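To keep things clear, I will list the structure first and then write my remarks on it.
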Amino acid sequence: MNNVRTVSDTKRAFYSLHTRPINTIYRRVVEELMVEMHLLSVNSGFTYNPIYALGVVTSFDRFMEGYLPERDQESIFQSLCQALEQDPQRYRQDAERLQAIAKDLPGNDLIAWLSQTTHLDRDSDLQAQLQAIANNQEFKYSRLFAVGLFSLLEQSDPELVKDEKQRTEAFKAIAAGLHLSDEKLSKDLELYSSNLEKMAQALIVMADMLSADRKKREQRQQQTSTPVAPPTE
């Protein structure tokens with residue numbers, strides 16, 4: 001008997017937890033993230049780690065930025081994690097912990113730590129996780145893990161991340177130190193950046209459409225409320 005949860009199981013669980021409708025443009029983002037997390041969770045080679053958690057939180061927060069009503073954002077995130085039988089607080093807490101570490105480290109120090117050329121006495125759990133990843137030939141790499149790495153570097157040195165040459169060199173060093181494919185890492189981060197740009201453009205288009213629709217409604221209201229002058233004799 002196969003007891004592995006299906007994508008449909010996860011989607012049903014999510015929509016039973018978050019019952020309010022989700023705006024169309026964002027629903028696709030939520031469902032794509034849900035499917036990605038689901039497929040990882042049922043993969044026998046996958047194990048949760050805080051960098052992956054940071055990637056999930058960063059992806060969700062970036063793509064859901066501007067979502068209205070704003071109060072629904074956290075409900076959607078919690079329902080997403082719970083539908084996958086995971087703890088949303090664990091994701092948030094691990095993400096915040098890693099972001100705080102990154103903000104406190106110069107970019108070069110963080111790169112050296114992530115690439116395992118230097119061991120820093122900052123967070124023993126993260127240090128152990130990095131060593132375990134580097135030593136595990138079967139480590140299940142994912143796009144969300146790549147986003148987590150990107151987020152760490154962005155928190156530490158935003159200007160370095162904006163410089164294509166420095167960014168490429170940094171991720172090559174990190175990939176080498178953790179025994180990951182730098183080609184996969186680069187492609188996944190390019191796709192992430194591209195999707196963020198597309199989302200931003202889509203939101204601009206949506207805002208323009210809503211503005212145009214609002215103006216039309218206001219014009220119709222003015223026309224219906226303007227008294228008609230009586231005919232002159």
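Just to confirm, what accessible area per residue do you get for the chain at 1.4 Å probe, in whole Å²?
59 Å²
Using the eigenvalues of the Cα gyration tensor, what equivalent ellipsoid semi-axes result for the chain when each is taken as the square root of five times the eigenvalue, whole Å, largest first? Present the calculation step by step, with values, prior to reporting the outcome.
On the way: eigenvalues 367, 108, 43 Å².
The answer is 43, 23, 15 Å, longest axis first.
Quick one: 3J(HN,Hα) in Hz for the range 47-58, Karplus 6.51/-1.76/1.60 with θ = phi - 60°, rounded, Gly and Pro as x.
10, 4, 8, x, 5, 4, 4, 4, x, 5, 4, 4
I need the Debye-formula profile for the range 125-171: one equal scatterer per C-alpha, no solvent, reported as log10 I(q)/I(0) at q = 0.17, 0.28 1/Å, two decimals.
For the range 125-171, the Cα-only Debye profile gives -0.60, -1.05.
If you wrap a convex hull around the alpha carbons of the range 1-134, what volume per residue comes out, as a whole number of Å³?
Dividing the Cα hull volume of the range 1-134 by its residues yields 123 Å³.
Mind listing the Cα extents of the range 88-149 along all three principal axes, in Å, largest one first?
31, 30, 20
Roughly speaking, to the nearest percent, how much of the chain's 1.4 Å accessible area is carbon and sulfur? Show your work: numbers first, answer last.
On the way: 6680 of 13740 Å².
The nonpolar share, carbon plus sulfur, comes to 49 percent.
Give the share of C-alpha pairs in each 10 angstrom bin for the range 131-233, from 0 to the last occupied bin, in whole percents, shortest bins first.
Values per bin, smallest distances first: 12, 29, 18, 11, 10, 8, 6, 4, 2, 0.
For the chain, find the longest principal axis of its Cα atoms and tell me its angle to the long axis of helix 143-156, 0 to 90°, nearest 10.
Approximately 90 degrees, to the nearest 10.
Sum up the charges of everything whose Cβ sits under 13 Å from the Cβ of Thr10, counting Lys and Arg as +1 and Asp and Glu as -1, but leave Thr10 out.
Details: positive: Arg5, Lys11, Arg12; negative: Asp9, Glu31, Glu32, Glu36, Glu85.
Every neighbour counted, the sum reads -2.
Considering the convex hull of the alpha carbon atoms of the range 53-93, report its projected area averaged over all viewing directions, in nm², one decimal. The partial results should precede the final answer.
Details: hull surface 10.7 nm².
Answer in nm², one decimal: 2.7.
The values are calculated or read from the model by the stated rules, or taken from the named source; none is laboratory data. In this text the structure is predicted, and so the values were computed from the model without any measurement. Don't worry about glycine lacking a Cβ; one is built from the backbone with ideal geometry, like all the others, and counts go over all protein chains shown. When the accessible area is computed, the model is the full protein with side chains, heavy atoms only, and any ligands, DNA or RNA have been set aside. Shrake-Rupley method; radii C 1.70, N 1.55, O 1.52, S 1.80 Å.
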